[in-house]
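Read the structure below first, then the notes.
Coordinate-derived values only; no laboratory data. All values derive from a computational prediction rather than experimental measurement. Cβ sites come from the backbone with ideal geometry, for glycine too, and all protein chains shown count toward neighbours.
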Amino acid sequence: MQENKFFVHESSYVDDGVSIGEGTKIWHFSHISKGAEIGSGCNLGQNVFVGNDVMIGNKVKIQNNVSVYEGVELEDYVFCGPSMVFTNVRTPRCEFPRNTAADYKKTLVKRGASIGANATIVCGTTLGRNAFVGAGSTVTKDVPDYAVVYGNPAQIKGYMCACGDTIVPADADKLECKRCGVSVSIQKKHS
């Protein structure tokens, strides 16, 4: 019998047909649903739910009390703050349920994006590479690469480098960081 090269706390459930990468840690009271793929070096905090067929990249950090529903994909190095929320159905109803894979709107969180505590990401949106969503914000439309958004609904307030060291205003044309070497022209639309 092969020894697991990942850690799952004894209080958590991992369904059959799940793939978990080396060095990943899944903490207390979490549930990983069938068909989910979790990369290597990830850290899933207490009470994390991962839905059917969800794809999670490498080195992703998901803080406590986050549900990553079917239809959501997280690329490498994504950060999900405590109690942030993903939705997966645009018009949920109780009397007329919409809870099949065909009803789910895809949400993509690209490499290096960070989502603050208690933020809500409405389904059908894409968060660009290294985007930063402020705590408590509600994202209702796509967020460009490197954009810093916050508010309800979230609006672009500036742009931040990958390391988080340099922030430029929303009307800037270029982002250059001396610390990490990022040098990009600002694209006002999602790429």
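Couple of notes before you dig in:
- Relative contact order of region 1-55: 32 percent, from C-alpha pairs under 8 Å at least 6 residues apart in sequence.
- Distance between the pseudo-spin-label points of LYS61 and GLU95 (7 Å out from Cα toward the beta carbon): 4.6 nm.
- Relative contact order [Cα under 8 Å, 6+ residues apart], the chain, whole percent: 10 percent
- Within region 13-34: backbone nitrogen closer than 19 Å to the GLU3 label point (7 Å, Cα to C-beta): 20-26
- Part-to-part distance (alpha-carbon centres) for region 129-191 and region 1-59, which is given in Å: 30 Å
- Most tightly packed first, judged by the mean number of other beta-carbon atoms within 10 Å of their residues, the peptides 20-29, 36-45 read 36-45, 20-29.
- Estimated FRET transfer efficiency when R0 is 30 angstrom, pair ASP165-ASN43 (beta carbons, to 0.05): 0.85
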